[in-house]
Amino acid sequence: MKRILIIATGGTIASTQDGHGLAPSATGRELAAQVPLIADLCDLDFVQPMNIDSTSMRPADWMRMRDLLVERWDAYDGFVVLHGTDTMAYTAAALSYLVQGSEKPIVLTGSQQPMASPFTDAKLNLYQSVLYACDDESRDVSVVFGGKAICGTRAHKQRTMSFNAFDSTNYPPLAVIRNDKIVRAGRLAPEPRTGARPRVYDALDTRVVVLKLTPGLDPTVFSLLAPHCDAMVLEVFGIGGIPAYDSSYQDAIFAWVDSGRTLVITTQVPEEGLDLGVYEVGRPYADHPGILRGGDMTTEALVAKTMWALGQTHDPARVAELFYQPVNHDRSA
Ligand code: ASP
């Protein structure tokens, strides 16, 4: 029988109502006891590094999960991380960069309704996550939720209440899961496992901010943020447009990158990605040294990848090399 480690961190799945609003209290072991069928799938162990609303999840918590994965790697065939949905896409992306090329599945799941709710989605999500983590074809970091397996770099929380909370952005889901059947698209044969260990990284530069353009936004915001940041992920309009009614944006953005800071440009439109070459209002930024293009990546993955790349080096050429290298299907060409 396979051995799976449940890393329980909290979230709605573990939450109970105590009169002050939902807050996590159930442990991973208690949650698994509510889904007895998973005991037929594998041998389970549990570790509980925290029990928090994922609203309060920080990069230091991603590192604790990474440490647990590294410490327990050899003892398990796969890992299931129980996590709040609100920042699950960030954690899934961060783990994708911190633990790369994993032959063992690292599956994140949670639920929109607490395990104790009469209408909960927690039972099926937990069951299907363990099922997916036990499957020989599963590997790398993924989110299993609402009957879909989504690549860890492509998940995005799209809905606050519905059970299909997550979309797979600009990339097809890895599988759909119908009850206890995993249906994968387009794979002829599973890649053989070699027993190789993943590449693990132990540094993130967390001085990364996300800024969303809004009409008329004062560009002095760049110089206000600069002392606190090494990098910005800038969500621009449409396929790639930055206001050009005067030169103030261009001056502010070029000053940002010329000061040695990283600027990643992405679109604030949820689907289909960026192309700075299409419009005159995007072209000046397309090939400016120091500006990185987000392509069709999610903002969550861009934040995590920028933290990871800057955690390795601040040399702009090397940052660009790391940034454009595809990891866990995070970007199309
Ligand atoms: N606030 C909760 C959390 O992210 C929401 C959830 O888990 O669905 O921890």
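The values are calculated or read from the model by the stated rules, or taken from the named source; none is laboratory data. Quick caveat: nothing in here was measured; it's all calculated off a predicted structure. Every residue, glycine among them, receives a Cβ derived from its backbone with ideal geometry; neighbour counts consider all protein chains shown. Heads up: the accessible areas ignore ligands, DNA and RNA and are worked out on the full protein's heavy atoms, side chains in. Shrake-Rupley method; radii C 1.70, N 1.55, O 1.52, S 1.80 Å.
Points to keep in mind about this one:
- Test: residue in the range 61-68 that is more than 21 Å from the chain's Cα centre (by Cα), away from the ligand (no atom under 15 Å from the Cβ) and either of a type outside the set (Lys, Arg) or surrounded by fewer than 22 Cβ atoms within 10 Å (Cβ to Cβ) (or both): no
- Qualifying position, being modelled with pLDDT of 95 or more, among the hydrophobic types (A, V, I, L, M, F, W, C) and closer than 24 Å to Leu69 by Cα, among Ala165, Ala149: Ala149
- In the set (1) buried (at least 20 other Cβ atoms within 10 Å of the Cβ); (2) more than 18 Å from the chain's Cα centre (by Cα); (3) assigned to a helix (DSSP H, G or I), Met307 fails one condition alone, (2).
- When the criteria are applied in full, Thr91 meets the requirement of being assigned to a helix (DSSP H, G or I), within 12 Å of the ligand (Cβ to nearest atom) and at pLDDT 95 or above.
- Within the range 69-82, the presence of at least one residue that is over 14 Å from Cys151 (Cα atoms), assigned to a loop (DSSP other than H, G, I, E, B), away from the ligand (no atom under 15 Å from the Cβ) and charged (D, E, K, R) is confirmed.
- For Val209: the one exception among (1) modelled with pLDDT under 95; (2) open to solvent by less than 50 Å² (accessible area, probe 1.4 Å): (1)
- Residues of the range 39-60 satisfying the condition of being more than 16 Å from the ligand (Cβ to nearest atom), modelled with pLDDT of 95 or more and hydrophobic (A, V, I, L, M, F, W, C): Leu41, Cys42, Leu44, Phe46, Val47, Ala60
- Scanning the range 1-26 for residues that are assigned to a loop (DSSP other than H, G, I, E, B), open to solvent by 50 Å² or more (accessible area, probe 1.4 Å) and within 16 Å of the ligand (Cβ to nearest atom) turns up Asp18, His20, Ser25.
- Within the range 134-156, the set of residues being open to solvent by 10 Å² or more (accessible area, probe 1.4 Å) and charged (D, E, K, R) comprises Asp135, Asp136, Glu137, Arg139, Asp140, Lys148.
- Which listed residue is β-branched (Val, Ile, Thr) and in contact with a Phe, Trp or Tyr (Cβ under 8 Å, 6 or more places away or on another chain), from Ile38, Ile13: Ile38
- Residues being surrounded by 13 or more Cβ atoms within 10 Å (Cβ to Cβ) and assigned to a loop (DSSP other than H, G, I, E, B) are entirely absent from the range 246-259.
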